[in-house]
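The values are calculated or read from the model by the stated rules, or taken from the named source; none is laboratory data. These figures come from a predicted structure and were not determined experimentally. Cβ placement follows ideal geometry from the backbone for every residue including glycine, while neighbour counts extend to all protein chains displayed. Just the protein is used for accessible areas: all its heavy atoms, side chains included, with ligands, DNA and RNA removed. Shrake-Rupley method; radii C 1.70, N 1.55, O 1.52, S 1.80 Å.
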Amino acid sequence: VDVLKAFKKQAAGRATQREKQASLRGADAARGSGAPGAGQPAAGERQHEPAHKFFVSSNWKSLLDRRPTIAPRTAAAVAERAATTLSAGLSPNVVALDCEMVGTGPNGSRSALARVSIVDYEGNVLLDRFVRPEEPVTDYRSHITGITEATLQRPGVLQEEAARQMVADILEGKIVVGHALQNDFHALMLSHPHAYIRDTALFRPLRPPGRETKTPSLARLAEHWLGEQLHNGQHDSVEDACAALRLYSLRSRQWEKQMRSAMRGVKSTIAAGLGKGGAEEDEEGERVDRQSVGVVAASAAPRKGKKRRRAPPSSEEDLASSDSEPPAPAETAEAATAAPVGCTKANPGKKQRKRLRAQQLQQQQQQLQQQLQQQLQQQ
């Protein structure tokens, strides 16, 4: 009850104060606007902020719709850094590759190399040359490549073999970045170690949200991650190579970390597989199968212990064979020391060691590439 009385008293005081203020404003208006102090609050009167100061503008929804995802100044700085400093966080051992192909064969069904472009980790062009295919061109695909018959007749156009050799020299030992690189290497008729390939079409963290199971195009990736429009008209292999390089730079740390973990897993798997086979390295670094060596040594070692008694001959043929002369000592030694079929020699020659070592290294490399490809597909 006391609280209600206090509230009523405060309300009555506020009403009285409002009446006084209204009467004062009416008196000021009656005296005229020219009178000194007109429109000014009376002495001791409390001043209030205008009510519209605290109102929210009616177009706040449209402002939210137009709000950028990144601050304008920051967006400009990011675009400038991406255009001028592609080398941020990238190794000098990184290059980007892109090719343009024309059609050969019936209705241009086969693709042949017509242009090859390579840029370094800073976006500088290392190679950008047109290539004249060895087969007759049946479809120049000019609406995509921009290449015409006159383009390939210009001076300075490379032959396929010369272009292939130049590309191989540049890519040797380099990390190659690109989009759908299997098509480029197929047109170049070159191979590259799988551990040194960075294909933006296959790297799942680069795929836009909601489309992780579909292989994206380079234009879609550039639009989503870089905010740029590619392939509005004809393709430019230099522009495509730079776009792939910029996409790689966005996820280069994560990409390289995954590659290192995959390589460690593949190496451990191969080492475990070799360890189960019982293969070890001898002092000269050559791999020797201890099991096969043990078989050879056992066959060559003289037998000890009691001699086994021969069974008596049971037929005339056995009697005839028993009457034959025993084998010569030299033949017996050769038969004892000869290695069984499928076993390696205990002490192979120098050429044979080199050949065995080359075969083992080739098998290890093939296993490494297969294991690495499987782990990348699983990730």
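For segment 203-216, the tally of residues that are surrounded by fewer than 18 Cβ atoms within 10 Å (Cβ to Cβ) and either within 24 Å of L372 (Cβ to Cβ) or in contact (Cβ under 8 Å) with a residue 40 or more places away in the chain (or both) stands at 6. Taken as a whole, segment 186-200 holds at least one residue that is outside any loop (DSSP other than H, G, I, E, B), in contact with a Phe, Trp or Tyr (Cβ under 8 Å, 6 or more places away or on another chain) and surrounded by 20 or more Cβ atoms within 10 Å (Cβ to Cβ). Candidates in segment 159-185 are the residues that are touching a residue at least 12 places away in the same chain (Cβ under 8 Å) and under 13 Å from A112 (Cα atoms); of these, the one that is surrounded by the fewest Cβ atoms within 10 Å (Cβ to Cβ) is Q159. Filtering segment 226-269 to residues that are touching a Lys or Arg at 6+ places or on another chain (Cβ under 8 Å) and within 30 Å of G146 (Cα to Cα) leaves L226, S237, Y248. Please determine whether any residue of segment 223-231 is in a helix (DSSP H, G or I) and polar (S, T, N, Q). Checked segment 223-231: no residue is in a helix (DSSP H, G or I) and polar (S, T, N, Q). Taking first residues from segment 217-238 that are within 21 Å of D128 (Cα to Cα) and partners that are among the β-branched types (V, I, T) and part of a helix (DSSP H, G or I), the Cβ contacts under 6 Å between residues at least 6 apart in sequence or on separate chains come to H235/I144. Restricting attention to segment 217-238, the residues being touching a Leu at 6+ places or on another chain (Cβ under 7 Å) and open to solvent by 60 Å² or more (accessible area, probe 1.4 Å) number 1.
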